[in-house]
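Engineer: Dropping a structure here in structure tokens format, bear with me for questions.
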């Protein structure tokens, strides 16, 4: 069946709160009030948000198991001139939840797709993690089966940037154990229940985080961040300290002279070597 556009219509990709209902933009609220249809991952969940802000709109479900059939219907409504807002349960639609198929179909049908930016669990967790953010990658949900999970984590050995993942609270300790066994004592950040009443951020080496969580009942949404390069960096620092110690013992030169020598040999800034050298003087 074919349709002709009766008027210019828009598909809005609307970011909604990941926890705290106040984390929604004025523009997002306006769009939700103005569109003809809101396509929601879970209509019951979205009703709570709409009720909170006094918004009454036609709601339709759009989730993983009805994605293809419902996308076709939504495109037909857009072609009839109706504006549609796509929302997920939390955060930005299309990020590890349904959305891609509808967005792709809209583009293929020359229907404008408009981003209404806002909350994102990925960016929120990164912003407070304390891990390098100049370069990072998002790998989505961690496989639940042991063999697949371990192969998945093994693929991170070659990655030298911060990695962001989603994990179930029920499998968190098992996953952290696998990370420690496969990647070593890497820097870890567990961001639990972001923006919600019981928000908790746990930072440290994999071994420390495992110890902190041992014996606890873990609940809520989990964003897991790790930096594989942190183990390599620690090894490099230990190697540097050993070299400084050995040269100081063999040559008896001042630390400043040794720092200059090593910096020239390794092609690294002298201040970096000197900073490591100062650790030898600490009690």
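The values are calculated or read from the model by the stated rules, or taken from the named source; none is laboratory data. These numbers come from a predicted model, not from an experiment. Note: ideal-geometry Cβ built from the backbone for every residue, glycine included; neighbour counts use all protein chains shown.
Engineer: Only one of 61, 96 is surrounded by fewer than 18 Cβ atoms within 10 Å (Cβ to Cβ), in contact with a strand residue (DSSP E or B) (Cβ under 8 Å, 6 or more places away or on another chain), on the phi > 0 side of the Ramachandran plot and not assigned by TED's automatic domain parsing to the domain that holds residue 162; which?
Structural biologist: Details: 61 fails: on the phi > 0 side of the Ramachandran plot.
Every option except 96 fails the conditions.
Engineer: Condition first: in a loop (DSSP other than H, G, I, E, B) and touching a helix residue (DSSP H, G or I) at 6+ places or on another chain (Cβ under 6 Å). Now tell me which residues in the range 61-108 satisfy that.
Structural biologist: Scanning the range 61-108 gives 62, 89, 94, 98.
Engineer: Quick check, is residue 139 surrounded by 13 or more Cβ atoms within 10 Å (Cβ to Cβ), within 18 Å of residue 183 (Cβ to Cβ) and either assigned by TED's automatic domain parsing to the domain that holds residue 201 or in contact with a strand residue (DSSP E or B) (Cβ under 7 Å, 6 or more places away or on another chain) (or both)?
Structural biologist: Working: surrounded by 13 or more Cβ atoms within 10 Å (Cβ to Cβ): yes; within 18 Å of residue 183 (Cβ to Cβ): yes; either assigned by TED's automatic domain parsing to the domain that holds residue 201 or in contact with a strand residue (DSSP E or B) (Cβ under 7 Å, 6 or more places away or on another chain) (or both): yes.
When the stated conditions are applied, residue 139 passes them.
Engineer: Further, regarding this structure: Would you pick out the residues in the range 44-56 that are modelled with pLDDT of 95 or more and either surrounded by 14 or more Cβ atoms within 10 Å (Cβ to Cβ) or touching a strand residue (DSSP E or B) at 6+ places or on another chain (Cβ under 7 Å) (or both)?
Structural biologist: If the condition is that a residue be modelled with pLDDT of 95 or more and either surrounded by 14 or more Cβ atoms within 10 Å (Cβ to Cβ) or touching a strand residue (DSSP E or B) at 6+ places or on another chain (Cβ under 7 Å) (or both), then 46, 47, 49, 50, 55 are the ones that fit.
Engineer: Being more than 19 Å from the chain's Cα centre (by Cα) and either outside the structural domain of residue 94 (by TED's automatic domain parsing) or on the phi > 0 side of the Ramachandran plot (or both) narrows it down to one of 147, 130, so name that one. Can you show your working first?
Structural biologist: Values: 130 fails: more than 19 Å from the chain's Cα centre (by Cα).
Sole residue among the options that is more than 19 Å from the chain's Cα centre (by Cα) and either outside the structural domain of residue 94 (by TED's automatic domain parsing) or on the phi > 0 side of the Ramachandran plot (or both): 147.
Engineer: Within the range 155-200, how many residues turn out to be outside any helix (DSSP H, G or I), more than 15 Å from the chain's Cα centre (by Cα) and closer than 19 Å to residue 219 by Cα? Give the derivation first.
Structural biologist: Kept after step one, since they are outside any helix (DSSP H, G or I), are these residues of the range 155-200: 159-171, 184-200.
From the residues that got through so far, the ones that are more than 15 Å from the chain's Cα centre (by Cα) too are 159-160, 169-171, 184-187, 196-200.
Those left that are additionally closer than 19 Å to residue 219 by Cα: 169-171, 196-200.
Number satisfying all stated conditions: 8.
Engineer: Hey, can you tell me all the residues within the range 109-127 that are exposed (fewer than 12 other Cβ atoms within 10 Å of the Cβ) and assigned to a helix (DSSP H, G or I)?
Structural biologist: Quick first cut of the range 109-127, residues exposed (fewer than 12 other Cβ atoms within 10 Å of the Cβ) only: 110, 127.
Answer for the range 109-127, where residues must be exposed (fewer than 12 other Cβ atoms within 10 Å of the Cβ) and assigned to a helix (DSSP H, G or I): just 127.
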